[in-house]
Amino acid sequence: MLEFLAMGGYALFVWPAYGATVLVLGLAVVLPLRRHRQLTRELELIAIQHDQSQII
Amino acid sequence: MTPPQIDQPTGNRPRSIWARRFHQLGSPPFFYTLIEKLLPWVGALCALCFAAGLYGGLILAPTDYQQGESYRIIYIHVPAAWMSMFVYLILAISGGIGLIWRMKLAQAVARASAPIGAAYTFLALLTGSLWGKPMWGTWWIWDARLTSELVLLFLYLGYMALQSAIDDRRTAARAGAVLALVGVVNLPIIHFSVEWWSTLHQGPTVTKFDKPSIATSMLIPLLLMAIAFQLHYLVALFARVRAEILDSERRSAWVTKMVAPS
Amino acid sequence: MRPRRRQRIVLVGLLLAGVILAATLALLALRDNINLFFSPTQVAAGEAPQNTPFRLGGMVVAGSVQRAAEDLSIRFDLTDTAHTVTVAYTGILPDLFSEGQGIVTQGSLVKDGTFVASQVLAKHDENYMPPEVDEALQKAQAMGLQ
């Protein structure tokens, strides 16, 4: 395991490369998903308010 | 008295089933629901390919005869570099389709692709730098390959800046498409830079007409990672386009109906 | 197809053609400046700059590497198989530096024709294989030569 993490002495180059990739690829998916969820909630809230104002 | 005949776009001429499909694809509610359905499946497949590719690349693949373990950066560097060019091609093609046929879906794909492509380009440059330091002896060199890839990053950033600077989406889409089409000339320059000029970067390993000069046990994880990156692009694109549609169509009847309290 | 669309297609085609033409002309004009390094043959032909630093690229000649005992100084011959230039360098070498390796150096020529380098970079090839395969290949090559 330690040998694997050491990457033959190149751990300082290999792991930051993989770490940055995981971070950037993750953000590219998570950020739009979160924006979509926020938008849906916002629009639902507006719809509910609109609905109630019509009842009154 | 009969009302005057209005010339409908789908009017007088009979359309083939494919023309109708193409037209349907241009309707936002249709591709919104299509994306909703596809997204979890593509996401799961993408995760599977990443798991297989990473296991193969980091654990199963043997050490390189010359570069030792440092070569394992290839499993992210090369797919990221391929995708940086592929996404740009999609950006230019969808931009062109949006420019000529004014198709909303194409414009949305172009707009959503730019930040994803920029992310791949950034990763290709960053991981290349982390690979170059131990192997070549330098983080950066102004050779033709590295410089043209940096130009690609600036093209993406320029496109994104243009999109955020122009408020009207349709004008932004047209201006962006022209920029994207002009930048297409950079793609062959990036690919052939290592053959046309003397560079520090080595020549192509996989994307050449001969047999790839990489051992099969090393090539399979690389191809798996390339597929994983392709699927990641689809997932990120779908997620972006979906949010984009919901935002731009928020006042339309179908969105109102969809979010209405039941 | 409606004429507006056809007009737009023509415009896009003209745009692409114009850009490709401009880029081709620019790159042809800049051809020599885009090359990263000069080869020993170009140095022998006097094409390399005389008094300003430039990059020299080639392969380290096997058996030509001389290391100083007291410091990090090193001398080696760089070849493109046609001509050879002797390089002098003091400093840390990249991990890949070895005899027979492709190298790019930055520096300038001094009077006796030696290239005094301030930076040595290793250029690796596009081949990736496990060490056992490399050994087998070299063994096969040695057998073939005998």
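The values are calculated or read from the model by the stated rules, or taken from the named source; none is laboratory data. Every value quoted in this text rests on a predicted model; they were computed, and no experiment measured them. All Cβ positions, glycine included, derive from the backbone under ideal geometry; neighbour counts span all protein chains shown. When the accessible area is computed, the model is the full protein with side chains, heavy atoms only, and any ligands, DNA or RNA have been set aside. Shrake-Rupley method; radii C 1.70, N 1.55, O 1.52, S 1.80 Å.
Some notes on this structure:
- C:THR52 assigned to a loop (DSSP other than H, G, I, E, B), of a type in the set (Ser, Thr, Tyr) and either open to solvent by 60 Å² or more (accessible area, probe 1.4 Å) or away from chain B (no Cβ under 11 Å) (or both): yes
- One residue from B:ALA161, B:ALA180, B:ALA173 being hydrophobic (A, V, I, L, M, F, W, C), open to solvent by less than 20 Å² (accessible area, probe 1.4 Å) and modelled with pLDDT of 95 or more: B:ALA180
- Condition met for B:ARG72 (open to solvent by less than 40 Å² (accessible area, probe 1.4 Å), among the charged types (D, E, K, R), assigned to a helix (DSSP H, G or I) and without any contact (Cβ under 8 Å) to a residue 40 or more places away in the chain): yes
- Qualifying residue in the stretch C:103-112 (condition: under 30 Å from B:GLY57 (Cβ atoms), within 12 Å of chain B (Cβ to nearest Cβ) and in contact with a Gly (Cβ under 8 Å, 6 or more places away or on another chain)): yes
- Considering residues of the stretch B:97-152 that are polar (S, T, N, Q) and either out of contact with any helix residue (DSSP H, G or I) (no Cβ under 6 Å at 6 or more places or on another chain) or within 19 Å of B:GLU69 (Cα to Cα) (or both) only, the residue most open to solvent (accessible area, probe 1.4 Å): B:THR147
- In the stretch B:210-230, the residues that are open to solvent by 80 Å² or more (accessible area, probe 1.4 Å) and either within 9 Å of another protein chain (Cβ to nearest Cβ) or outside any loop (DSSP other than H, G, I, E, B) (or both): B:THR216, B:ILE220, B:ILE227
- Any chance B:GLY128 is closer than 29 Å to C:LEU30 by Cα, among the small types (Gly, Ala, Ser), without any contact (Cβ under 8 Å) to a residue 40 or more places away in the chain and in a helix (DSSP H, G or I): no
- Matching entry among A:VAL29, A:VAL22 (being closer than 30 Å to B:ALA114 by Cβ and open to solvent by less than 60 Å² (accessible area, probe 1.4 Å)): A:VAL29
- Against the list (1) away from chain A (no Cβ under 12 Å); (2) modelled with pLDDT of 90 or more; (3) surrounded by 18 or more Cβ atoms within 10 Å (Cβ to Cβ), the condition B:THR33 fails is (3).
- Only listed residue being farther than 23 Å from A:TRP15 by Cα, of a type in the set (Val, Ile, Thr) and away from chain C (no Cβ under 14 Å), chosen from B:VAL109, B:VAL185, B:VAL151: B:VAL109
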